[in-house]
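Working notes, structure below.
The values are calculated or read from the model by the stated rules, or taken from the named source; none is laboratory data. Everything numeric here is computed off the predicted structure, so don't read it as measured data. Here the Cβ is made from the backbone with ideal geometry for all residues, glycine too, and neighbour counts use every protein chain on show. Accessible surface is based on the protein model in full, side chains and every heavy atom, while ligands, DNA and RNA are left aside. Shrake-Rupley method; radii C 1.70, N 1.55, O 1.52, S 1.80 Å.
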Amino acid sequence: MNDIIAFSLSLVGLFFLIFNTILFFTKKNVCVKTKKTFLWYLFSLCIIEITCHVIGFLSFGNNFFISHFYFYFQLIFISLLYKDLILNQIIKKTILIVLVLQTLILAGMYFKNPNSFWEFNVYEIISISLILIIYALYYIFSNLSTEHNYFNFSIGLVLYLACSITIFSSGNLELVLCKDPYIDIWIFNILFFFIFQVFILKEFLFLQSKK
(Lines give C-alpha, C1' and ligand atoms only; values in the text may rest on other atoms or scores of the structure.)
Protein backbone atom coordinates (compact mmCIF):
# COMPACT_ATOMS: atom_id res chain seq x y z
CA MET A 1 0.00 0.00 0.00
CA ASN A 2 2.81 2.42 0.88
CA ASP A 3 4.47 1.73 -2.47
CA ILE A 4 1.22 2.54 -4.27
CA ILE A 5 0.85 5.81 -2.37
CA ALA A 6 4.42 6.87 -3.14
CA PHE A 7 4.08 5.95 -6.81
CA SER A 8 0.75 7.78 -7.07
CA LEU A 9 2.20 10.91 -5.51
CA SER A 10 5.20 10.78 -7.82
CA LEU A 11 2.80 10.56 -10.78
CA VAL A 12 1.24 13.83 -9.64
CA GLY A 13 4.68 15.44 -9.74
CA LEU A 14 5.31 13.93 -13.19
CA PHE A 15 2.03 15.29 -14.56
CA PHE A 16 2.86 18.70 -13.11
CA LEU A 17 6.24 18.59 -14.88
CA ILE A 18 4.59 17.59 -18.16
CA PHE A 19 2.02 20.37 -17.71
CA ASN A 20 4.77 22.96 -17.16
CA THR A 21 6.74 21.69 -20.15
CA ILE A 22 3.70 21.89 -22.42
CA LEU A 23 3.04 25.45 -21.24
CA PHE A 24 6.56 26.59 -22.07
CA PHE A 25 6.54 24.94 -25.49
CA THR A 26 3.03 25.89 -26.61
CA LYS A 27 2.72 29.49 -25.41
CA LYS A 28 4.57 31.28 -28.19
CA ASN A 29 4.91 34.58 -26.32
CA VAL A 30 6.71 32.70 -23.52
CA CYS A 31 8.62 30.23 -25.67
CA VAL A 32 10.37 32.99 -27.63
CA LYS A 33 11.52 34.60 -24.35
CA THR A 34 12.81 31.34 -22.89
CA LYS A 35 16.39 30.15 -23.24
CA LYS A 36 16.66 27.10 -25.49
CA THR A 37 18.77 25.34 -22.88
CA PHE A 38 15.91 25.72 -20.39
CA LEU A 39 13.41 24.29 -22.86
CA TRP A 40 15.71 21.34 -23.55
CA TYR A 41 16.13 20.90 -19.80
CA LEU A 42 12.37 20.60 -19.30
CA PHE A 43 12.00 18.27 -22.27
CA SER A 44 14.83 15.97 -21.16
CA LEU A 45 13.46 15.93 -17.61
CA CYS A 46 10.06 14.81 -18.95
CA ILE A 47 11.58 11.96 -20.97
CA ILE A 48 13.74 10.79 -18.07
CA GLU A 49 10.90 10.98 -15.53
CA ILE A 50 8.48 9.14 -17.82
CA THR A 51 11.09 6.43 -18.44
CA CYS A 52 11.78 6.15 -14.72
CA HIS A 53 8.09 5.75 -13.90
CA VAL A 54 7.50 3.19 -16.64
CA ILE A 55 10.46 1.05 -15.53
CA GLY A 56 9.47 1.49 -11.89
CA PHE A 57 5.94 0.32 -12.68
CA LEU A 58 7.04 -2.68 -14.74
CA SER A 59 9.97 -3.70 -12.55
CA PHE A 60 9.87 -2.03 -9.16
CA GLY A 61 13.28 -1.13 -7.74
CA ASN A 62 15.16 -1.60 -11.00
CA ASN A 63 15.14 2.02 -12.14
CA PHE A 64 17.99 3.31 -9.94
CA PHE A 65 20.27 3.70 -12.98
CA ILE A 66 17.94 6.38 -14.36
CA SER A 67 19.25 8.69 -11.65
CA HIS A 68 22.55 8.98 -13.55
CA PHE A 69 20.80 10.42 -16.61
CA TYR A 70 18.57 12.56 -14.40
CA PHE A 71 21.41 14.30 -12.60
CA TYR A 72 23.88 14.44 -15.49
CA PHE A 73 21.38 16.00 -17.89
CA GLN A 74 20.59 18.54 -15.19
CA LEU A 75 24.31 19.27 -14.91
CA ILE A 76 24.61 19.85 -18.65
CA PHE A 77 21.56 21.99 -19.32
CA ILE A 78 21.51 23.99 -16.09
CA SER A 79 25.25 24.65 -16.30
CA LEU A 80 24.83 25.96 -19.85
CA LEU A 81 21.80 27.99 -18.75
CA TYR A 82 23.72 29.78 -15.99
CA LYS A 83 26.73 30.19 -18.25
CA ASP A 84 24.43 32.14 -20.54
CA LEU A 85 22.75 34.10 -17.74
CA ILE A 86 25.80 35.02 -15.65
CA LEU A 87 27.74 38.01 -16.98
CA ASN A 88 31.06 37.48 -15.21
CA GLN A 89 33.48 36.04 -17.77
CA ILE A 90 35.58 34.23 -15.17
CA ILE A 91 32.49 32.48 -13.80
CA LYS A 92 31.42 31.54 -17.34
CA LYS A 93 34.76 29.85 -17.99
CA THR A 94 34.68 28.20 -14.57
CA ILE A 95 31.27 26.68 -15.33
CA LEU A 96 32.62 25.09 -18.52
CA ILE A 97 35.74 23.80 -16.77
CA VAL A 98 33.68 22.28 -13.95
CA LEU A 99 31.34 20.67 -16.48
CA VAL A 100 34.24 19.02 -18.31
CA LEU A 101 35.98 17.91 -15.11
CA GLN A 102 32.80 16.47 -13.61
CA THR A 103 32.10 14.59 -16.84
CA LEU A 104 35.60 13.09 -16.83
CA ILE A 105 35.34 12.10 -13.17
CA LEU A 106 31.98 10.37 -13.65
CA ALA A 107 33.10 8.65 -16.84
CA GLY A 108 36.19 7.40 -15.02
CA MET A 109 34.11 6.06 -12.13
CA TYR A 110 31.81 4.05 -14.40
CA PHE A 111 34.70 2.86 -16.56
CA LYS A 112 36.54 1.61 -13.48
CA ASN A 113 33.45 -0.03 -11.98
CA PRO A 114 30.76 -0.68 -14.65
CA ASN A 115 28.49 -2.43 -12.13
CA SER A 116 28.06 0.84 -10.24
CA PHE A 117 26.00 2.12 -13.17
CA TRP A 118 23.05 0.08 -11.87
CA GLU A 119 23.21 1.64 -8.41
CA PHE A 120 22.82 5.06 -6.85
CA ASN A 121 26.01 7.10 -7.09
CA VAL A 122 26.09 9.23 -3.96
CA TYR A 123 29.09 11.24 -5.17
CA GLU A 124 27.29 12.02 -8.44
CA ILE A 125 24.09 13.14 -6.74
CA ILE A 126 25.69 15.27 -4.03
CA SER A 127 28.42 16.83 -6.18
CA ILE A 128 26.12 17.77 -9.05
CA SER A 129 23.51 19.11 -6.64
CA LEU A 130 26.12 21.24 -4.84
CA ILE A 131 27.53 22.56 -8.12
CA LEU A 132 24.11 23.64 -9.38
CA ILE A 133 23.12 25.12 -6.02
CA ILE A 134 26.27 27.26 -6.08
CA TYR A 135 25.45 28.51 -9.60
CA ALA A 136 21.85 29.26 -8.64
CA LEU A 137 22.79 31.09 -5.43
CA TYR A 138 25.43 33.13 -7.24
CA TYR A 139 22.88 34.12 -9.87
CA ILE A 140 20.25 35.01 -7.28
CA PHE A 141 22.52 37.13 -5.06
CA SER A 142 24.22 38.87 -7.98
CA ASN A 143 20.84 40.04 -9.25
CA LEU A 144 18.98 40.88 -6.05
CA SER A 145 18.60 44.53 -6.99
CA THR A 146 16.82 43.79 -10.27
CA GLU A 147 13.77 41.84 -11.40
CA HIS A 148 15.10 39.10 -13.62
CA ASN A 149 14.24 35.92 -15.47
CA TYR A 150 14.85 32.53 -13.84
CA PHE A 151 14.69 33.93 -10.31
CA ASN A 152 11.74 31.68 -9.39
CA PHE A 153 13.35 28.72 -11.13
CA SER A 154 16.62 29.28 -9.25
CA ILE A 155 14.90 29.40 -5.87
CA GLY A 156 12.96 26.22 -6.61
CA LEU A 157 16.12 24.51 -7.85
CA VAL A 158 18.02 25.35 -4.66
CA LEU A 159 15.22 24.02 -2.46
CA TYR A 160 14.83 20.80 -4.43
CA LEU A 161 18.53 20.01 -4.78
CA ALA A 162 19.13 20.82 -1.11
CA CYS A 163 16.51 18.18 -0.36
CA SER A 164 18.34 15.71 -2.63
CA ILE A 165 21.62 16.35 -0.81
CA THR A 166 19.93 15.77 2.54
CA ILE A 167 18.37 12.50 1.40
CA PHE A 168 21.37 11.05 -0.40
CA SER A 169 24.08 12.13 1.99
CA SER A 170 26.16 9.21 3.23
CA GLY A 171 24.52 9.32 6.62
CA ASN A 172 21.06 8.83 5.12
CA LEU A 173 21.85 6.40 2.30
CA GLU A 174 20.84 3.31 4.28
CA LEU A 175 17.52 4.93 5.13
CA VAL A 176 16.89 5.62 1.44
CA LEU A 177 17.49 2.00 0.45
CA CYS A 178 15.89 0.23 3.42
CA LYS A 179 12.40 -1.06 2.81
CA ASP A 180 10.62 0.09 5.95
CA PRO A 181 11.54 3.78 6.35
CA TYR A 182 12.30 4.72 2.76
CA ILE A 183 8.69 5.53 1.90
CA ASP A 184 8.63 8.55 4.21
CA ILE A 185 11.90 9.83 2.78
CA TRP A 186 10.70 9.48 -0.80
CA ILE A 187 7.45 11.29 -0.01
CA PHE A 188 9.62 14.10 1.38
CA ASN A 189 11.55 14.16 -1.91
CA ILE A 190 8.34 14.06 -3.97
CA LEU A 191 6.99 17.00 -1.98
CA PHE A 192 10.02 19.12 -2.80
CA PHE A 193 9.84 18.08 -6.47
CA PHE A 194 6.23 19.31 -6.47
CA ILE A 195 7.34 22.60 -4.86
CA PHE A 196 10.04 22.87 -7.55
CA GLN A 197 7.36 22.56 -10.21
CA VAL A 198 5.36 25.32 -8.51
CA PHE A 199 8.37 27.64 -8.87
CA ILE A 200 8.76 26.64 -12.53
CA LEU A 201 5.09 27.52 -13.06
CA LYS A 202 5.72 30.86 -11.36
CA GLU A 203 8.61 31.38 -13.79
CA PHE A 204 6.25 30.76 -16.67
CA LEU A 205 3.72 33.25 -15.30
CA PHE A 206 6.48 35.82 -14.82
CA LEU A 207 7.68 35.45 -18.40
CA GLN A 208 4.11 35.58 -19.65
CA SER A 209 3.50 38.85 -17.82
CA LYS A 210 6.53 40.51 -19.39
CA LYS A 211 5.90 42.55 -22.50
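For the reader, a short list of remarks on this structure follows.
- FRET efficiency, 1/(1 + (r/R0)^6) with R0 25 Å, evaluated for residue 18 and residue 64 via beta carbons: 0.65
- Taking the longest Cα principal axis of the chain as reference, the axis of helix 2-26 is set at about 20 degrees.
- Computed helical MRE - 222 nm, the chain, DSSP H runs ≥ 4 contributing -39500 (n - 2.57), nearest 500: -27000 deg cm²/dmol
- Note on the chain: the alpha carbon radius of gyration divided by the globular reference 2.2 N^0.38 Å gives 1.03.
- Once the Cα atoms are used to define both axes, helix 151-168 deviates from the longest principal axis of the chain by about 20 degrees.
- Among the protein heavy atoms of the chain, carbon and sulfur supply 73% of the accessible surface, probe 1.4 Å, non-protein parts ignored.
- Partner lysines for residue 210 [C-alpha distance under 29 Å; skip if fewer than 8 residues away on the same chain]: 27, 28, 33, 35, 36, 83, 92, 202
- Checking every one of the chymotrypsin sites (Phe, Trp or Tyr not before Pro) in the range 58-131 against DSSP loop status and a limit of 14 other Cβ atoms within 10 Å picks out 60.
- Helix 182-209 vs. the chain, principal-axis angle (Cα, 0 to 90°, nearest 10): 20 degrees
- Dipole magnitude for the chain: computed about the Cα centre from +1 point charges on Lys and Arg Cβ and -1 point charges on Asp and Glu Cβ, it is near 1060 debye.
- Measuring r between the beta carbons of residue 90 and residue 137 and using R0 = 25 Å, the FRET efficiency lands at 0.90.
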